[in-house]
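Enquirer: Structure incoming, see below.
Quick note: the coordinates plus some simple rules give every number you see, no bench work behind them. In this text, all values refer to a predicted model and were calculated from it rather than measured experimentally. Here the Cβ positions follow ideal geometry from the backbone for every residue, glycine too, while neighbour counts run over all protein chains shown.
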Amino acid sequence: MVYVFAPNRSGEHTRKLLQSCQGKLVCEDYSGYKASFERGIKAVRCMIPARRVSELPGKICTGTD
């Protein structure tokens, strides 16, 4: 696991960080990673956001209500 601080959410920081990487990246659906996926890095989606939604109390809107 790596934590790298960047002053903003620009995709430029992500491209520089991952420019020499290969393999799989566990991440959420942040658009800054898209350029890395085009270069061959595979996305392994993070399930934490889904878990957070399931922990919300009460009814959850699914868009079909």
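Enquirer: With a 10 Å radius around each residue's Cβ, average the other Cβ atoms per peptide and rank 33-43, 1-11, highest first.
Expert: Result, highest mean first: 33-43, 1-11.
Enquirer: In a shell of Cβ-Cβ distance under 13 Å around Leu25, excluding Leu25 itself, what net charge do Lys and Arg (+1) and Asp and Glu (-1) give?
Expert: +3
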